[in-house]
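Scroll down for the structure; my scribbles are underneath it.
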């Protein structure tokens with residue numbers, strides 16, 4: 001997707017390429033056909049392509065990407081009975097310094113989580129450090145959407161937040177070997193509040209319509225640390 005994402009390409013073209021690649025490898029696109037009780041229709045594509053102020057669940061369409069845009073490409077695949085989920089946010093040509101800062105901080109937030117994942121550590125410690133780093137960079141962590149356990153199904157327990165407060169104590173969990181998590185910080189230039197872009201109840205945007213970024217890896221806790229399963233090896 002990073003190779004294909006250039007000025008002028010449409011998000012529908014990116015999705016068509018992704019669907020072809022997934023099918024060629026014998027995989028199944030996890031997102032396509034997913035039902036949301038609030039939405040008017042099942043999700044129609046293999047990719048979520050969220051542009052600029054869109055945080056997550058952007059629907060591929062004939063929108064051509066322009067210089068200065070950013071697009072978050074989120075993809076889930078089932079292969080040989082197991083699921084993987086990953087996302088990256090791609091700059092289209094040259095972007096503003098503020099947008100580049102957003103990308104750098106969000107990517108670093110995921111890297112920080114990877115560095116901190118160790119067996120025996122409580123997730124609250126990791127989430128607190130992620131939030132503190134983002135807010136120290138004068139950006140905001142999205143609260144309404146979090147990561148998740150993943151395995152034979154895309155969404156499994158536990159929920160994996162990217163921030164922490166005392167109201168979440170019952171959600172906390174200890175990192176244990178063989179646990180597999182999809183960790184996915186979503187960061188906004190402006191405030192953390194989000195909203196739906198329209199009445200289809202799929203596309204989520206920042207409430208203040210400032211840009212957002214999203215990075216995600218599926219990772220396994222090992223006996224000594226972490227193995228990032230979606231690192232492109």
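Nothing in this text is a laboratory measurement; each read-out follows from the coordinates by a stated rule. Worth saying up front: this structure is predicted, and the values here are computed from it rather than measured.
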Roughly how many whole Å is it from the C-alpha centroid of the stretch 62-89 to that of the stretch 109-145?
22
Can you pull a Stokes-Einstein diffusion coefficient for the stretch 1-125 at 25 °C (0.890 mPa s), Rh from Kirkwood over Cα pairs, as a whole number of µm²/s?
154
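In percent, how large is the relative contact order of the stretch 11-228, given Cα pairs closer than 8 Å and 6 or more residues apart? Let's see the in-between values first.
Values: 518 pairs, mean separation 50.5, N = 218.
So the answer I get is 23 percent.
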Under a Gaussian network model of the chain whose springs join Cα atoms within less than 10 Å, the largest fluctuation of 60, 42, 97 belongs to 97
Top mean-square fluctuation among 25, 13, 156, Gaussian network model of the chain, C-alpha springs under 10 Å?
25
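Thinking of the stretch 1-49 as a set of Cα atoms, what percent of all their pairs are more than 17 Å apart? Don't jump to the answer; show the numbers that get you there.
Values: 475 of 1176 pairs.
Result: 40 percent of Cα pairs exceed 17 Å.
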Can you give the calculated 222 nm mean residue ellipticity of the chain, where each DSSP H run of n ≥ 4 adds -39,500 (n - 2.57) and the sum is split over every residue, rounded to the nearest 500 deg cm²/dmol?
-7000 deg cm²/dmol
Top of 102, 79, 110 by mean-square fluctuation, Gaussian network on the chain, Cα under 10 Å:
79
Binning every alpha carbon pair distance of the stretch 11-228 at 5 Å from zero, what are the percents per bin?
1, 7, 15, 19, 20, 17, 13, 6, 2, 0
Percentage of interatomic Cα-Cα distances in the stretch 123-205 larger than 21 Å
36
